[in-house]
Amino acid sequence: MPETPEQSAAGRFDTVLIANRGEIAARIQHACRELGLKAVAICSEADREAPYGSTADSFICIGPSSAAKSYLNQDAILLAARLAGAGAIHPGYGFLSENAAFADAVEKAGLIFIGPTASSIATMGDKISAKRAMMTASVPCVPGPDTALPDDPATIGRIALEIGYPVIIKAAGGGGGRGMRVVPKADVLHEAIALTREEARKAFGSPSLYMEKFLEHPRHIEIQVICDDHGNAVWLGHRDCSMQRRHQKVVEEAPAPGIAPDIIQPVGLACVEACLQIGYRGVGTFEFLYEDGAFYFIEMNTRLQVEHPVTEMTSGVDIVQAQIRAAQGHVLDLTQGDVTCEGHSFECRINAEDPETFLPSAGVVTHLALPAEPGIRVDTHIHAGYKVSPYYDSLIAKLIVHAPTRAEAMARMREALAGTEIEGISTNIPFLRALFEDDAFARGETDIHYLEQWLKLRR
Ligand code: ADP
């Protein structure tokens, strides 16, 4: 049988263009290097001095500082890939990582997209079709229809009553914690729909909305999967990402505390089954809400996630390398039986922001000290003298720890935070230090509202 273009390209690329910036650009370059691959870094004008540029095999400026004209500029990225002789593109997270049209354009240009197929991205990128696919694969979902809300107010009212208040209105194309509105009772339903529809139209280019039960005290638990192109898939464990502010994760941990293996096991296996059913390839994350012992699927991220390191620490699997190898067409070199979970890991997202107001803080890092003790890993691209630009996400570093038990991992994170000094800009480190002294957090099993309530009490 003739090989498909994908098969014929399998295993053949030796140069990867990293279509991203910041800590994840550095992280992916490191993985390429360890796999013996050449790495092409790109930058906007604001990132010309990025340290991962000087360690890359080529470094190409693709446009002005605004992300729309650089990291989101598909033509410029494809041109850079051609100029540098890259055979594959790694999209990282954010930017074009979940853009089905980009994945398609990369493959049409004869390159490998290090991620799933454009069609998997499109299915999972629309939260309604994702929910439908998951229901078909018997993955438990949040109560609510797997169809878009109609326009007729009376029908919408009936759907809400059937689900039972409170409900949450969500944009089918939403992401980044935006495009969601909680509706506590019927009299504000129609206003909430109108506002969310308008927001969705503006922010995501589609007014499509859906409704589901608003769970009042859930935890955010997610499952990491990795699949090859040959019908093999495994799940690498679970994470708890309940520490959120404005639906954005701040601290993540693996494994999720207090969840017995026999409860999570069937969910992990259902995720693997869903991957096989949809012909998924590469890495992905199934996100769930967990309340009163039950799991409810909310969405799938079809890319590498910011918090992947905590699972790397507990599973011993280099997720970025595994992802690149899967894109090269290699058969997954581990089976479900090989996957273990050793000890406990935490990650803190260090953001360049005011610890009280959370407003982004740009400027020059005048002094930097990072911890380097055993069991501590720092994923970052910054150094003393680095200029944090106002154009992009405020994430400047990730502090990751690993220890035999959760209590020891918390203690190690306190040490890691104590040993981290960043001057010249404001960061959220003071608030993270205080959080790791909190008793309820130390006991574990805090829900997705805990952090915001804790922040209010501190004021
Ligand atoms: P995004 O794609 O914007 O990250 P998600 O669907 O993953 O959106 O939801 C992000 C967060 O919003 C969740 O982690 C949770 O805190 C909250 N959330 C989403 N759906 C619900 C729900 N049905 N009930 C309660 N909280 C929810």
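The values are calculated or read from the model by the stated rules, or taken from the named source; none is laboratory data. If you're wondering where the values come from, they're calculated on a predicted model, not measured in any experiment. When we count neighbours, we look across all protein chains shown, and the Cβ atoms used for this are built from the backbone with ideal geometry, even at glycine.
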TODO: Please work out which one of (1) out of contact with any Gly (no Cβ under 6 Å at 6 or more places or on another chain); (2) over 19 Å from Pro360 (Cα atoms); (3) in contact (Cβ under 8 Å) with a residue 40 or more places away in the chain; (4) not hydroxyl-bearing (Ser, Thr, Tyr) is the condition Ile429 fails and give its number.
DONE: (2)
Open item on the list: Quick test for you: out of Gly237, Gly268, Gly231, Gly258, pick the one residue that is more than 12 Å from the ligand (Cβ to nearest atom) and either assigned to a strand (DSSP E or B) or among the polar types (S, T, N, Q) (or both).
Closed with: Gly237
- [ ] Return the residue satisfying two criteria in turn: it lies in region 246-262 and is at pLDDT 95 or above and not small (Gly, Ala, Ser), and of such residues it is surrounded by the most Cβ atoms within 10 Å (Cβ to Cβ).
- [x] Glu252
Task: Glu212 vs. criteria within 16 Å of the ligand (Cβ to nearest atom), out of contact with any Phe, Trp or Tyr (no Cβ under 8 Å at 6 or more places or on another chain) and part of a loop (DSSP other than H, G, I, E, B) - done: no
Open item on the list: Quick test for you: out of Ala160, Ala84, Ala103, pick the one residue that is within 15 Å of Arg303 (Cβ to Cβ), buried (at least 19 other Cβ atoms within 10 Å of the Cβ) and away from the ligand (no atom under 11 Å from the Cβ).
Closed with: Ala103
Task: Only one of Arg181, Arg219 that is in contact with a Ser or Thr (Cβ under 7 Å, 6 or more places away or on another chain), within 12 Å of the ligand (Cβ to nearest atom), under 24 Å from Ala294 (Cα atoms) and without any contact (Cβ under 8 Å) to a residue 40 or more places away in the chain - done: Arg181
Open item on the list: I'd like the full set of residues that are on the phi > 0 side of the Ramachandran plot and either among the small types (Gly, Ala, Ser) or more than 17 Å from the chain's Cα centre (by Cα) (or both), limited to region 65-114.
Closed with: Gly85, Gly92, Gly94, Gly110
Open item on the list: For the list (1) at pLDDT 95 or above; (2) surrounded by fewer than 22 Cβ atoms within 10 Å (Cβ to Cβ), I need the number of the one condition that His238 fails.
Closed with: (2)
TODO: Filter region 436-459 down to the residues that are closer than 22 Å to Gly293 by Cβ and assigned to a loop (DSSP other than H, G, I, E, B), then identify the one that is farthest from the ligand (Cβ to nearest atom).
DONE: Gly444
TODO: Confirm whether Ile112 is within 30 Å of Asn20 (Cα to Cα) and in contact with a helix residue (DSSP H, G or I) (Cβ under 6 Å, 6 or more places away or on another chain).
DONE: yes
